[in-house]
Amino acid sequence: MAMAARLLSRSKQLYAGHAVFQYEHAVPVRYFAKEAAPPSQTPLKGDEMLKGIFYEVKNKFETALGILRTEKITIDPDDPAAVSQYAKVMKTVREKADLFSESQRIKYTIQQRTQDIPDARTYLLTLQEIRGKSGLTDDIGAETMMIEALDKVEKDIKKPLLRSDKKNMAILLAEFDKINKKLGIRKEDLPKYEEELELKIAKVQLQELKKDAVEAMDTQLKREEFKDEEMVDVKQLDIRNFI
C-alpha cells in the first residue's frame with residue numbers, strides 16, 4: 001500500500017491533468033460564461049467585457065473545484081450507486097456554479113447548430129450527429145422511425161420538406177406524435193427522461209475518467225523507477241487528493 005501511495009503521489013500532477021479535469025471536458029469554458037456579461041444600459045468596451053467574462057468564469061470554476069474538493073467520487077462506471085453519486089455531485093456543481101445541465105447543454109448545441117438549417121432532413125441528421133457526439137444511444141429506434149416519417153411526408157409532397165413549410169411540417173410533427181405515443185413517450189415524463197439522460201452521461205464521463213486515470217498511471221509504470229510497481233485499482237483513488 002505504501003508503494004502504491006508513492007506511485008500515486010509521484011504521478012499526481014499527470015493524473016490531475018488527465019483525469020480530474022475531465023470536469024472541464026464535461027462543461028466547456030463557454031458554458032461557464034453563459035451569463036458572464038453583466039447587464040448594462042450601455043455597451044461595454046471590449047476589454048471591460050473580457051474582464052467581466054474572465055472573473056465570472058474564474059468564480060464559477062473556483063466554486064466548482066470547491067465542491068469537488070469535498071464530495072467523494074468513486075471511479076466505477078459499472079457500479080450504479082457510483083454513477084448516481086457522480087451525477088448528484090455534478091448536479092450540485094452545476095447548481096452552485098450556475099452552469100448548464102447536460103440536457104441544457106445539448107439543447108443549446110442543437111439550437112446553435114440547427115438555427116440556419118432550412119430543411120427537415122438535414123435537421124434530423126444533425127440531431128443524430130449531436131446525439132452520437134454526446135455519447136448517447138438510440139436504444140428504441142426513434143430516429144429511424146422519424147426518418148421514415150419524413151420519407152413518407154416527402155414522398156407525398158414530392159419534394160424536400162422545408163422547415164418553413166408550416167402546413168407540411170405540421171403533418172410531420174403529427175407523425176412524430178404518433179411515434180411518441182407508440183414508444184410510450186409522454187411530455188409529462190420529460191423530467192424523468194432528463195434524469196435518465198443525466199445518469200447515462202454520468203456513466204460515460206466516469207468511463208472516460210477511468211480511462212484517463214488508467215492511462216496516466218500506466219505511463220508512470222513504464223518509467224524505470226516504477227517498473228516493479230503494480231497498477232492501482234482506480235476505484236481506490238480519491239479525486240479530492242488530486243485537486
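Bear in mind that the values in this text are calculations on the coordinates, not laboratory data. This structure is a prediction, so every number in the text was calculated from the model and none was measured.
Things worth noting here:
- Region 99-144: C-alpha pair distances exceeding 13 Å, %: 58
- Amide hydrogen neighbours beyond the local backbone of Asp119, cut-off 5 Å, H modeled: Arg163
- Size of region 74-179: Rg and Dmax of its alpha carbons, in Å, are 17.9, 55.
- Summary value for region 38-158: 16 percent relative contact order, contacts being C-alpha pairs under 8 angstrom separated by 6+ residues.
- For the pair Asn241 and Thr114 in one chain, pulling the backbone fully straight at 0.36 nm per residue adds 41.5 nm over the alpha carbon distance.
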